[in-house]
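A quick write-up on the structure given underneath.
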Amino acid sequence: MSFCTFLARIFLFFLNLAQTLVGFTVIALTLWIRFDKGFESEIRTNILRDNDPEPLAGVKSDIRTGIIVSFWIIIGFAIANVIIGFVGVIGAVIRSKYLLAPYFLFMVILFLLEIAIGITVLVKRRSVRRTVKEYVFDSFNMNAQADISAFNFRYNCCGAENLPNLNCFAGQPTCSSAVWDRLDFTMMIFGICMLIIVVLQMFTAFLTVPIIIERKRETSYQQ
């Protein structure tokens, strides 16, 4: 075994171990956010309420659907990262081409799926922005006090776009912009983290190539 292949195995082992741990962390955080009723309790309670009149009820239904879809997508990718990372750790230890070859294939597939999801999020960004602003606008327009109180408490904002409010302080952001800015910032941080993970996954996947090639050569010599 050459020194380069040995280094590749070491890097492959630790990168896949990190990938597995990150996957478990994402699963734990996602489950916590999903099931901890204390997390954003004011906003959560209002969004889950399904007895509002239209059009507010329709907007909240769209938001609930988006949350559920996002939850399962994140959980699915986290579980896939845990499984693939574990296979990569075992493959790096035993240098089995029967593990490393499928590992490389699934890593490439996962990489392409994550790129596709990232592009989809960028395309849907304007639609998400419109839905969030519709939610805030409808809440103020229909005088939904529970929603309005939650916005004011959570974001220290006042009023909604296209609905003048003389009680707002000078320079105080509207709830439409405050809610969206917070969500947009969260999406940006998530996107940066995903980009780093994707780059590391691509690097990790290609580390398997010299190991597979050398292992194949060793098998050929033994035969």
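The values are calculated or read from the model by the stated rules, or taken from the named source; none is laboratory data. Values in this document were obtained by computation on a predicted structure and should not be read as measured data. So basically every Cβ, Gly included, is an ideal-geometry build from the backbone, and we count neighbours across all protein chains shown. These area figures cover heavy atoms from the full protein model, side chains too; ligands, DNA and RNA do not enter into them. Shrake-Rupley method; radii C 1.70, N 1.55, O 1.52, S 1.80 Å.
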Is there any pair with a first residue in segment 187-211 that is closer than 24 Å to Gly66 by Cβ and in contact (Cβ under 8 Å) with a residue 60 or more places away in the chain and a second that is open to solvent by less than 50 Å² (accessible area, probe 1.4 Å) and in a helix (DSSP H, G or I) whose Cβ atoms are under 6 Å apart and which are 6 or more apart or on different chains, and what are they?
-> Val198/Glu114
Just wondering, is there one or more residues in segment 138-150 that are without any contact (Cβ under 8 Å) to a residue 60 or more places away in the chain, out of contact with any helix residue (DSSP H, G or I) (no Cβ under 8 Å at 6 or more places or on another chain) and in a loop (DSSP other than H, G, I, E, B)?
-> yes
Could you run through segment 20-61 and say how many residues are touching a residue at least 24 places away in the same chain (Cβ under 8 Å), exposed (fewer than 11 other Cβ atoms within 10 Å of the Cβ) and among the charged types (D, E, K, R)?
-> 0
Considering every residue within segment 52-63, establish whether at least one is out of contact with any Phe, Trp or Tyr (no Cβ under 9 Å at 6 or more places or on another chain) and either among the basic types (Lys, Arg) or closer than 28 Å to Val93 by Cβ (or both).
-> no
Segment 181-209, subset within 16 Å of Thr131 (Cβ to Cβ) and within 17 Å of the chain's Cα centre (by Cα), residue surrounded by the fewest Cβ atoms within 10 Å (Cβ to Cβ) = Thr186
So, first residue open to solvent by 70 Å² or more (accessible area, probe 1.4 Å) in segment 101-116, second residue at pLDDT 90 or above, Cβ within less than 6 Å, six or more apart or across chains; the pairs are Phe106/Ile84
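Quick grid of which residues meet (1) within 30 Å of Leu207 (Cβ to Cβ); (2) of a type in the set (A, V, I, L, M, F, W, C):
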position	(1), (2)
Phe11	yes, yes
Leu15	yes, yes
Gly23	yes, no
Val26	yes, yes
Thr30	yes, no
Ile33	no, yes
Gly38	no, no
Glu42	no, no
Determine if segment 161-171 includes at least one residue that is closer than 26 Å to Val121 by Cα, surrounded by 15 or more Cβ atoms within 10 Å (Cβ to Cβ) and touching a residue at least 24 places away in the same chain (Cβ under 8 Å).
-> no
With criteria (1) within 16 Å of Ile83 (Cβ to Cβ); (2) in a loop (DSSP other than H, G, I, E, B), Gly23 comes up short on (2)
Kindly indicate whether any position in segment 127-137 is open to solvent by 100 Å² or more (accessible area, probe 1.4 Å) and at pLDDT below 90.
-> no
In segment 1-17, which residues are open to solvent by 50 Å² or more (accessible area, probe 1.4 Å) and under 24 Å from the mean Cα position of the chain (by Cα)?
-> Phe14, Leu17
